[in-house]
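Take a look at the structure below.
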Amino acid sequence: MSATRYAYLGPEGTFTEVALRTLPEAATRELVPILSVPAALDAVRNGEAAAALVPIENSVEGGITATLDELAGGEPLMIYREVLLSITFALLVRPGTKLSDIKTVTAHPAAQPQVRNWMAENLPGALWESAASNADGARLVQEGRYDAAFAGEFAAATYGLEPLVTEIHDAENAQTRFVLVGRPARPSAPTGADKTSVVIWLADDHPGALLELLQEFAVRGVNLMLIQSRPTGEGIGNYCFAVDAEGHIADRRVGEALMGLKRISPKVRFLGSYPRAGVSPDEVRPLRAGTSDAAFTEASDWLARSQDGRI
């Protein structure tokens, strides 16, 4: 395995590249652009890269399905870091292009919901076509296949384009979350401001099936930060659920919730426990009474005393 290579959703000039370069270790790694999320993660699986940074969620549309599906299937991988990046788009064009000249536009599918209203107001007749990434859309504009691309303004110079309009976003303070994914290993130590990601499969489709899964978290005071259903590919009505929960697998409340899920679910895939981006331990909400590690230890000790007759 190449320990010095980090893959990312490319080509050069993507928001993913910008997010990756915010990590201190990126300065000492060879950064390799790869044109799709599945290919970037496969580079980790086959040892071509030590890790890959890919988008997994945005604040406008929620989970990035290509990433969630790839992490749920195939050879297991683990999340080790997350990066939050504020997102604003520029409309990139070949030099000399005017707004009235634009008949076709392109970008990654996740960009469309973030610029839909702007496009309806300013380019109502333009045809949208999806690209593998925003930077790949810029490359396609450079090649003359489209008139304009929504991408980061920083990508303009890379592809010989001009930002015709900047600061485009339908939602203020839009952010995208990226995750650094590697091969499975022991998670890093708890920081006090952590997140745990899992994928959970339903045993069967019956009333209250999802509620049964959620109760494993609720009764232990574990807050969920994301839950998104994804089809398993095994027929209509068969779903798994991607879940992000507050806390670390080493926390008693989280560990016991995962054990509870494993008892009632046919399959649980642990995707990692890792530090939450931009959150310090002081900013984490107080635990509900009875859900601290000390409370779990006290309850366990009480049970042992009761079993031994030491009431």
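The values are calculated or read from the model by the stated rules, or taken from the named source; none is laboratory data. As the structure is a prediction and not an experimental result, all values here were calculated from the model. Using ideal geometry, Cβ is built from the backbone for each residue, glycine included, and neighbour counts are taken over all protein chains shown. Ligands, DNA and RNA are excluded from the accessible area calculation, which covers all protein heavy atoms including side chains. Shrake-Rupley method; radii C 1.70, N 1.55, O 1.52, S 1.80 Å.
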- [ ] Give the residues of segment 272-296 that are of a type outside the set (Phe, Trp, Tyr) and touching a helix residue (DSSP H, G or I) at 6+ places or on another chain (Cβ under 7 Å), sorted by residue number.
- [x] 291, 293
Task: Near pairs, Cβ below 9 angstrom, 6+ apart or cross-chain, from segment 71-94 (under 13 Å from residue 181 (Cβ atoms)) to any residue that is open to solvent by less than 10 Å² (accessible area, probe 1.4 Å) and aromatic (Phe, Trp, Tyr) - done: 78/274; 79/274; 80/274; 81/178; 81/274; 82/178; 82/274; 83/178
TODO: Quick one: count up the residues across segment 120-153 that are assigned to a helix (DSSP H, G or I), open to solvent by less than 70 Å² (accessible area, probe 1.4 Å) and closer than 13 Å to residue 164 by Cβ.
DONE: 3
Task: Total residues in segment 34-59, condition surrounded by fewer than 19 Cβ atoms within 10 Å (Cβ to Cβ) and either in contact with a helix residue (DSSP H, G or I) (Cβ under 6 Å, 6 or more places away or on another chain) or outside any helix (DSSP H, G or I) (or both) - done: 7
Task: Sole exception among (1) of a type in the set (Lys, Arg); (2) surrounded by 15 or more Cβ atoms within 10 Å (Cβ to Cβ); (3) touching a Phe, Trp or Tyr at 6+ places or on another chain (Cβ under 9 Å); (4) touching a residue at least 60 places away in the same chain (Cβ under 8 Å) for residue 267, by number - done: (2)
Open item on the list: Scan segment 235-256 and tell me whether some residue there is of a type outside the set (Val, Ile, Thr), modelled with pLDDT under 95 and at positive phi.
Closed with: yes
- [ ] Kindly indicate which of 186, 177 is more than 15 Å from residue 56 (Cβ to Cβ) and not aliphatic (A, V, I, L, M).
- [x] 186
